[in-house]
1. Do you know which of the residues in the range 140-179 that are hydroxyl-bearing (Ser, Thr, Tyr) and under 19 Å from the mean Cα position of the chain (by Cα) is nearest to Met35 (Cα to Cα)?
2. Need the failing condition index for Gly19 against (1) surrounded by fewer than 17 Cβ atoms within 10 Å (Cβ to Cβ); (2) under 30 Å from Ile229 (Cα atoms); (3) free of Cβ contacts under 8 Å to residues at least 60 places away in the same chain, just the number.
3. If I filter the range 35-55 for residues that are modelled with pLDDT under 95 and either more than 27 Å from Trp132 (Cβ to Cβ) or of a type in the set (Asp, Glu) (or both), do I get at least one hit?
4. Examine the range 74-82 for a residue that is in contact with a Lys or Arg (Cβ under 8 Å, 6 or more places away or on another chain), buried (at least 17 other Cβ atoms within 10 Å of the Cβ) and either within 18 Å of Gly39 (Cα to Cα) or assigned by TED's automatic domain parsing to the domain that holds Gly6 (or both), and state whether such a residue exists.
5. State which residue pairs qualify: first residue in contact (Cβ under 8 Å) with a residue 12 or more places away in the chain and on the phi > 0 side of the Ramachandran plot and inside the range 70-92, second residue surrounded by 15 or more Cβ atoms within 10 Å (Cβ to Cβ) and not in a helix (DSSP H, G or I) in any location, beta carbons under 7 Å apart, and separation of 6 or more residues or different chains.
6. Working carefully through the options Arg30, Arg57, find the one that is under 30 Å from Leu108 (Cα atoms), in contact (Cβ under 8 Å) with a residue 40 or more places away in the chain and surrounded by 12 or more Cβ atoms within 10 Å (Cβ to Cβ).
7. Among the listed residues Ser101, Ser197, identify the single one that is small (Gly, Ala, Ser), within 28 Å of Arg30 (Cα to Cα) and not assigned by TED's automatic domain parsing to the domain that holds His241.
8. Select from the range 5-16 the residues that are without any contact (Cβ under 8 Å) to a residue 12 or more places away in the chain and under 17 Å from the mean Cα position of the chain (by Cα) and list them in ascending order.
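The values are calculated or read from the model by the stated rules, or taken from the named source; none is laboratory data. No experiment lies behind these values; they were computed from the predicted model shown. Cβ placement follows ideal geometry from the backbone for every residue including glycine, while neighbour counts extend to all protein chains displayed.
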Amino acid sequence: MYSLTGTQETVESLKRQTGPVDLVLYGPRRLGEVMQWPGMIGGFGGLVLGIWLLPRRSALGFAAVVLALLAFACLAAAGLAIIARYTMLAGAILSIFFALSLLGWRFLDRGDRRRRWWQVFSGVVLVMVVVWLPNQWDLDRQVHTDLTNQGKIENDLTDLVNEGAFSPACGPIAVPNHRAVPRLAFGLDVRPTEIVSASEAVSPEEKRKKAEAGYWVQPASQFVIHNYILDPNDKTEFTIHPPPGFKRVAGNDSWIIYANCR
């Protein structure tokens, strides 16, 4: 429920698309971000060919694709953002049909004329894959770099939790944005609502003024600030200093923790 309501609250501030109309306009684009052009054409082409020429083999996969897309539509209708990662399930199932588009002709008899046309379509998809490889290489390399950087930052936060930098008796924890909330809530075994995010509706400056006791978690470098924002519309202010009375109690390469445990 925290994840659902928290995401609904940030849709407007992050200027995300949501709702049935935006689902039609932007939903296919988000799926395309996951599968790219060769995957989209091969996946849906394989789906059509499978249902047409191999209906018994394809029925279960077709039903799974429909359910996955309906689940994505329900998320959009519930006021959640229309973003690429919500299409991952549909993309994974369509990847099976992408494989079918390349090799499914082998299930048809050699004398079947449709086998030849399927082979032609397979060749077109294969050419698209080859042409798209340089672009896909760049995309994968960038994603790998981003995940490596973000993993280091989150692991540093987990290390501080494991080292006992936080005490439940001290008070609430203020963090820069929502990304740090689930990691801390899980590691400290507390409710996510006990951790205050500066990217919530109340401005970071007001959060600072209201903080009388507890912890203040702050990035230790520009590297963390640059790599810990997932959305360019996230207006989180990372440069606000801890409130008066807070003193540094722990830190590492990625995070500095201040506390006032009165």
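1. First, the residues of the range 140-179 that are hydroxyl-bearing (Ser, Thr, Tyr): 145, 148, 158, 167.
So of that shortlist, the ones also under 19 Å from the mean Cα position of the chain (by Cα) come out as 145, 148.
Details: Thr145: 20, Thr148: 22 Å.
The extreme case among them is Thr145.
2. Result: Gly19 fails condition (3) only.
3. Taking every residue of the range 35-55 in turn, none turns out to be modelled with pLDDT under 95 and either more than 27 Å from Trp132 (Cβ to Cβ) or of a type in the set (Asp, Glu) (or both).
4. So in the range 74-82, the residues in contact with a Lys or Arg (Cβ under 8 Å, 6 or more places away or on another chain) come out as 81-82.
After this cut, where a residue has to be buried (at least 17 other Cβ atoms within 10 Å of the Cβ) as well, the list is 81-82.
Pick out the ones that are also either within 18 Å of Gly39 (Cα to Cα) or assigned by TED's automatic domain parsing to the domain that holds Gly6 (or both) and you get 81-82.
Checked against the condition, which is being in contact with a Lys or Arg (Cβ under 8 Å, 6 or more places away or on another chain), buried (at least 17 other Cβ atoms within 10 Å of the Cβ) and either within 18 Å of Gly39 (Cα to Cα) or assigned by TED's automatic domain parsing to the domain that holds Gly6 (or both), the range 74-82 yields at least one hit.
5. Listed pairs, sorted by first residue: Gly79/Thr18.
6. Working: Arg30 fails: under 30 Å from Leu108 (Cα atoms).
Checking each option against the conditions leaves just Arg57.
7. After ruling out the rest, the residue left standing is Ser101.
8. Hit for the range 5-16 is Thr5, nothing else.
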